[in-house]
Amino acid sequence: MNDFENELRKALARREPSPDFVERVLARTAPARKPASFVFSWWRFASAAALIVVLFSAAFGYRQHIRREKGEAAKKQLMVALRIAGTELRDVQLHVKKIEKQEAVLQ
Amino acid sequence: MLASFDAYLTADPALPLPAFADVIEANKAMVYSIGWHFLRDRTAAEELAQEVFLQLHRNWHAMKSPAHVTHWLRRTASHRAIDAARRSKRRAETSLDETAEPSTLERVHDTFLSSYLERIVSSLPEKARMIVILRYQEDMDIEEIARTLDMKPATVKTQLARALELLRKKTEKRLGEPAPNGRDGAQGDQA
């Protein structure tokens with residue numbers, strides 16, 4: 001090794017990169033671990049989709065239930081109304097018959 | 001890094017980040033300097049060094065020992081630096097004998113010999129430049145350089161000798177006096 005080579009060695013001494021070099025490399029290793037997070041996010045997406053389907057099904061079922069109950073209530077009301085109307089009609093018929101009998105007696 | 005290398009190997013095959021931080025810390029100057037001395041561009045050298053370490057992280061499972069890691073890093077950094085220079089055409093490819101002298105303006109600014117040598121090394125053709133960098137930055141011998149660059153030892157020896165001769169002549173011309181020592185160091189190194 002001679003002086004010229006020693007000068008070369010000095011000139012080509014190692015240098016340090018920027019102080020945050022390690023942090024920046026570590027930050028870039030994150031995309032390399034993407035497959036795991038991708039699977040995780042896929043599962044999250046699937047879970048969210050399943051939850052939405054369940055919620056929609058429940059809402060649809062509840063709506064059908066409410067409709068059925070309303071129908072039943074309307075049917076009952078109609079039956080009551082018909083019964084009342086039938087009773088009233090029978091009373092009127094009896095009254096009419098009673099009047100007809102009285103008129104026949106008078107004649 | 002050296003003391004706990006086995007622990008790294010037996011841990012998570014993907015290499016836990018704290019352990020990887022140690023590996024980067026121990027080797028960052030070496031990898032960055034290969035890029036810096038070859039490309040003479042701080043941004044490009046940092047980008048190159050980052051890419052090399054990311055590649056190491058992806059290939060960690062193939063590492064067998066600290067020495068293997070060092071060899072792998074030198075080899076990968078060297079090849080990547082050569083590829084980067086070829087892609088960007090930062091340095092015009094010339095033969096050793098056609099290497100240009102720095103301009104007059106550059107001479108004014110080159111007040112220190114080290115700075116001048118660093119600059120003139122970066123004007124060498126790719127292979128010769130990398131040989132000089134590995135020889136004098138990394139203190140590697142001819143055989144190691146040949147293995148790292150996939151070259152024959154005889155070719156490395158010849159290119160190193162020619163590069164040194166050229167650098168010495170240019171330095172003599174620059175200083176206006178003989179270089180520090182006229183003896184051919186590459187030949188002496190092989191003795």
- Those residues of the stretch A:1-29 which are of a type in the set (Asp, Glu), within 7 Å of chain B (Cβ to nearest Cβ) and part of a helix (DSSP H, G or I), in sequence order: A:ASP3, A:GLU5, A:GLU7
- Query: Within the stretch B:166-177, is there a residue that is within 14 Å of chain A (Cβ to nearest Cβ), in a helix (DSSP H, G or I) and among the polar types (S, T, N, Q)?
  - Reply: yes
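Every number in this text was worked out from the coordinates using simple rules, so none of it is lab data. Treat the numbers as computed from the prediction; the structure is a model and nothing was measured. Because the Cβ atoms are built from the backbone with ideal geometry, glycine has one as well, and the counts that use them run over all protein chains shown.
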